[in-house]
Amino acid sequence: MIEGKKILITGATGQVARPVAEALAKNNEVWCLGRFADVDAERELSDLGVRTWRWDMAGLAEDGLDGLADDFTHVMHSAAHRGDGIDFDASVEINAVGAGRLMTHCRRAEAFLYVSSGAVYAGQSPEHLVREDDPLGGQMPWLPTYPVSKIATEGAVRAFAVTLDLPTTIARLNVAYGPHSHGGMPILLFRRLLAGEPIEVPPRGQNLCSPIHTDDVVWQVPLLWKAATVPVQVINWAGDDAVGIQDMLTYMAELAGIEPRFASSEVYRATHAFDNTRRRALIGRCEVGWREGLRRTLRAHFPDLVKEAADAVQQ
């Protein structure tokens, strides 16, 4: 962990950035930008010594950064305008312009981290481990504007990093999960299992991903800043395990003592497993394996449901 720095984090009420903000606030001056629609989350951050600042990326007429300090040493830009999945122009403009304005305001920083997504990658065969130089052009039928806006924003971040001479890392996040917020995609799918819904899976093989627990996210953020360069450093940000979504849900169902249900379908929530060679070379391996991480995450979100069953499985 780093100490004595002045850090700016966007999207800090979310599942990924919030634990980072909380951990870094112990030994640094941390500011969090956001809309703070959840006033309880803003109060909880303030109680931990985090300074908050209201900023809405969608307010394009005014950048909302006037009056904000500009002497931050490190920036983590995790906020994203997800949009309604229909207005591609709005999603691209809000996210790309927002990133550009933030980088310009924080041009004196030592390092800037933009949290992108594995959704930017084009479709691959299920067994392929995606590398940073693989083709882009991802598709998400349930939120079609998201991959496009992420790719566009990556372009803006690359341009501003060079223009401003601002050392930057673009971290393409895989499936993140943990105790905060909604828990991540594994917990969202698990809630559907609890409701008796079958989960869509590919007709052949498994839909692989590389899940990363937020504990690993927290300690890796300072190292992602350390890896920042001009031009940008692009890194796959994921756990070390390539795991099938079906295997993950089967394991969670076993911990909870329920029967998982799956439905073969040509339309399912597609993910990628990552080749983590570059990340391991730059910042090392992850510390939380997927089984341990899911067990801890389930206990955080469903303590009464999974405790006894999880203890039995662990023994």
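What follows draws every value from the coordinates through simple rules; no lab data is involved. Since this is a predicted model, take the numbers as computed values, not measurements. Please note: Cβ atoms are built from the backbone with ideal geometry, for glycine as well, and neighbour counts cover all protein chains shown.
Would segment 261-276 turn up any residue that is in contact with a strand residue (DSSP E or B) (Cβ under 7 Å, 6 or more places away or on another chain), touching a residue at least 60 places away in the same chain (Cβ under 8 Å) and within 30 Å of Asn27 (Cα to Cα)? Within segment 261-276, one or more residues are in contact with a strand residue (DSSP E or B) (Cβ under 7 Å, 6 or more places away or on another chain), touching a residue at least 60 places away in the same chain (Cβ under 8 Å) and within 30 Å of Asn27 (Cα to Cα). For Gly293, the conditions (1) over 18 Å from Arg172 (Cβ atoms); (2) out of contact with any His (no Cβ under 6 Å at 6 or more places or on another chain); (3) not in a loop (DSSP other than H, G, I, E, B) are fulfilled apart from (2). Evaluation of Ala161 against the conditions (1) touching a Pro at 6+ places or on another chain (Cβ under 7 Å); (2) in a loop (DSSP other than H, G, I, E, B) shows that the sole unmet condition is (2). The residue of segment 232-247 that is surrounded by the fewest Cβ atoms within 10 Å (Cβ to Cβ), among those that are under 22 Å from Glu287 (Cβ atoms) and of a type in the set (A, V, I, L, M), is Ala242. Taking the listed residues Thr250, Thr229, Thr271, the one that is buried (at least 19 other Cβ atoms within 10 Å of the Cβ) and not charged (D, E, K, R) is Thr271, with no other qualifying. Only residues that are out of contact with any helix residue (DSSP H, G or I) (no Cβ under 8 Å at 6 or more places or on another chain) and closer than 22 Å to Tyr251 by Cβ were counted across segment 160-202, and they come to 10.
Checked against the criterion of being out of contact with any helix residue (DSSP H, G or I) (no Cβ under 8 Å at 6 or more places or on another chain) and over 23 Å from His182 (Cα atoms), the candidates Asp70, Asp47, Asp66 yield just one match: Asp66.
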